[in-house]
Amino acid sequence: MDNEPYIVFGSPLIGRGEIDAVVRTLESAWIGTGPRVQELQTAMAAYTGAAHTQAVSSCTAALHLSMLAAGIGPGDEVITTDMTFCATANSIVHTGATPVLVDCQRDTMNIDPAAVEAAITPRTKAIVPVHFAGRPVDIEAIGAIARKHGLLVIEDAAHAIAASWHGRKIGSISDLTCFSFYVTKNMTTGEGGMVTTNRPELAEKIRVLGLHGMSADAWSRFSDKGYRHYDVIYPGFKYNLTDIAATLGLEQLRHLDEWQQRREALWQRYDQAFADLPVVLAPPPAPGTVHARHLYVLLLRDDAPCSRDSLMAGLHELRIGSAVHYRPLHVQPWYRERFKLRDEQFPNAHWIGERTVSLPFSPKLGERDIERIISGVRQLLGS
Ligand SMILES: *Cc1c(COP(=O)(O)O)cnc(C)c1O
């Protein structure tokens, strides 16, 4: 057992194609934001069906720029889910606005539309739903609430590339959608992200705000079109993606649909292998939707023979990594203290946060890895 390789949670699948393509970019005349980034933007527009795409350095940057482009700032409130990664709410805080956290549904783990509606005040400017684990939120319900109250919808789709809602890909539906190409996500550029939108004026604001507030980017100044002056029209941010990263992304995107099939197959296999254990498995996706199968999550029932943390420690001893998505925001000290949050306000997120564990789940896993993960979980949770 000791000489079995450690199964690293979220290790990305990087093939010869990625390596060769990145080397070609490194050997080219330009490695900064340039033609490869433009290709990735075009490819993401084709993939999602969105009219406009803007590559950025992370999904956190994508969320921050989306809020700013939407005009969100001090005095405004933005409603999001308690059951998410801190970046979703941090990016609201960074604009000066107030994040209003609401509970998730216990089964889908997605934001509860009824809780969203109940949290709306005259200061509310936007709703930021998160497609948890890759399961599309009920974007019709959220969209209807937004229209009724004149709010923007900014989707945090960090988990949801490849997900769709009744024939429409996530990224083509709401005002703004933010994707992550972080290392553990379904496709990676090392670090990176993308904003998609159908609204040209928002796309243009995001482009300018994401690169110092400059009216023209470096590639358009230094390329074979000759030098051109730029104007600074806003004190913007440094949130651009490099051509090195975009090259990796272009290769990853080519594999995405094939990887999605492998994720589906592994999901079914895990579900069968764990069906008789004292765990709650995720429900199937709603009819007409495609789940991006980003995270495979087990919820330990009260009759499980060990706690979530001892399961994770046991897996670690078997040289298997695992993760928690998430201990909800209301238990994170800054949010808890700043907004005086209590566990009772978030019964579902709190319940999930105490018993959830994410297993290694990626097309990189080989047959031997999968067998070790299944037998490790069964050994630790079998009674
Ligand atoms: C990963 C993640 C982010 C942040 O993505 P980065 O690209 O690392 O900035 C935001 N929201 C959710 C839900 C995430 O999982």
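The values are calculated or read from the model by the stated rules, or taken from the named source; none is laboratory data. Small disclaimer: the values here were computed from a predicted structure and weren't measured. Positions of Cβ are backbone-derived with ideal geometry, glycine not excepted, and every protein chain shown enters the neighbour counts. SASA here: full protein model, heavy atoms, side chains in, ligands and nucleic acids out. Shrake-Rupley method; radii C 1.70, N 1.55, O 1.52, S 1.80 Å.
Residues being away from the ligand (no atom under 16 Å from the Cβ) and either open to solvent by 20 Å² or more (accessible area, probe 1.4 Å) or in contact with a Leu (Cβ under 7 Å, 6 or more places away or on another chain) (or both): count how many of those fall in the range 161-177.
7
Is it true that Arg372 is part of a helix (DSSP H, G or I), open to solvent by 10 Å² or more (accessible area, probe 1.4 Å) and closer than 30 Å to Glu258 by Cα?
So Arg372 fits the description; yes.
Go through Ile72, Ile31, Ile79 for me and flag whichever is more than 16 Å from the ligand (Cβ to nearest atom), closer than 30 Å to Tyr335 by Cβ and β-branched (Val, Ile, Thr).
Going through Ile72, Ile31, Ile79 in turn, the sole match is Ile72.
What helices (runs of 4 or more DSSP H) lie completely within the range 42-146 and have 3 or more residues being open to solvent by 20 Å² or more (accessible area, probe 1.4 Å) and not small (Gly, Ala, Ser)?
86-94
Listed residues Ala51, Ala21, Ala46; which is free of Cβ contacts under 8 Å to residues at least 60 places away in the same chain and on the phi < 0 side of the Ramachandran plot?
After ruling out the rest, the residue left standing is Ala46.
Per-residue answers, yes or no, for (1) over 28 Å from Pro5 (Cβ atoms); (2) at pLDDT below 95; (3) surrounded by fewer than 16 Cβ atoms within 10 Å (Cβ to Cβ):
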{"position": "His330", "(1), (2), (3)": "yes, no, no"}
{"position": "Trp334", "(1), (2), (3)": "yes, no, yes"}
{"position": "Arg338", "(1), (2), (3)": "yes, no, yes"}
{"position": "Arg342", "(1), (2), (3)": "yes, no, yes"}
{"position": "Gln345", "(1), (2), (3)": "yes, no, no"}
{"position": "Ala349", "(1), (2), (3)": "yes, no, no"}
{"position": "Gly353", "(1), (2), (3)": "yes, no, no"}
{"position": "Ser358", "(1), (2), (3)": "no, no, no"}
{"position": "Phe361", "(1), (2), (3)": "no, no, no"}
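For residues that are of a type in the set (A, V, I, L, M) and over 24 Å from the mean Cα position of the chain (by Cα), tally how many sit in the range 258-299.
Total satisfying the criteria: 4.
Filter the range 178-221 down to the residues that are within 12 Å of the ligand (Cβ to nearest atom), assigned to a strand (DSSP E or B) and touching an Asp or Glu at 6+ places or on another chain (Cβ under 7 Å) and list them by number.
The one that is within 12 Å of the ligand (Cβ to nearest atom), assigned to a strand (DSSP E or B) and touching an Asp or Glu at 6+ places or on another chain (Cβ under 7 Å): Cys178.
Looking at (1) assigned by TED's automatic domain parsing to the domain that holds Ala349; (2) among the hydrophobic types (A, V, I, L, M, F, W, C); (3) touching a helix residue (DSSP H, G or I) at 6+ places or on another chain (Cβ under 7 Å), find the lone condition where Leu248 falls short.
Every condition holds for Leu248 apart from (1).
Of all residues in the range 147-160, count the ones that are open to solvent by 10 Å² or more (accessible area, probe 1.4 Å) and more than 11 Å from the ligand (Cβ to nearest atom).
6
From the list Thr189, Thr196, which residue is open to solvent by less than 40 Å² (accessible area, probe 1.4 Å), among the β-branched types (Val, Ile, Thr), within 19 Å of the chain's Cα centre (by Cα) and within 21 Å of Pro12 (Cα to Cα)?
After ruling out the rest, the residue left standing is Thr189.
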